[in-house]
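Chemist: Before I ask anything, here is the structure I am working with.
No value in this document is a laboratory result; all are computed from the given coordinates. Quantities reported herein were computed from a predicted structural model and do not represent experimental measurements. Ideal geometry is used to build each Cβ from the backbone, glycine not excepted, and the neighbour counts take in all protein chains shown.
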Amino acid sequence: MQRQTLKIQMMKKAVLTILLTALVQFAYGQSDKIKTAEIRTEIHCDHCADCKTCDENIYAKIKRNNPGVRSVKIDAKSNLITVKYNAEKTNLEAIEKAIAQAGYQANELPPTAAGYESLDSCCKVK
């Protein structure tokens, strides 16, 4: 009976060790795929953090058009959008294009006319 219990405990440890090793290898392999981009923009809304139109517009356009996007952080004061994304599913150019389609500058890419016209008046250049 004790021998059987000992065998079961050893098997549990072996299975846990294998699972832990596989998890570490999977996590390490994913790290090369995840990139962070800082995109310069021009947000003219002085209440962007409180304005659902600004934030929701940018978030929605970036995430809808780029399935690999993991997170979007908008800093209206410094005019910076930080995006974490899976480089196997999207790229910086696609993210910049989505921001431009939302009506905002994205690094050197100007906003599209249709995107800019769709912005609320508070979000446009005064």
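Chemist: Which translational diffusion coefficient, to the nearest whole µm²/s, is obtained for the stretch 34-123 from the Stokes-Einstein equation, given a Kirkwood hydrodynamic radius over C-alpha pairs, 37 °C and 0.692 mPa s?
Modeler: D, rounded to a whole number, is 259 µm²/s.
Chemist: Report the full-extension gain for the segment Gln4 to Asn91: residue separation times 0.36 nm, less the Cα-Cα distance, to one decimal in nm.
Modeler: 25.9 nm
Chemist: Report the label-to-label distance for Lys77 and Glu56 in nanometres (one decimal), using points 7 Å from each Cα along the Cα→Cβ vector.
Modeler: 2.5 nm
Chemist: Just list whichever of Lys63/Lys126; Lys12/Lys33; Lys33/Lys63; Lys77/Lys124 have alpha carbons separated by over 21 Å in the model shown.
Modeler: Violating the 21 Å Cα-Cα cut-off are Lys63/Lys126; Lys12/Lys33.
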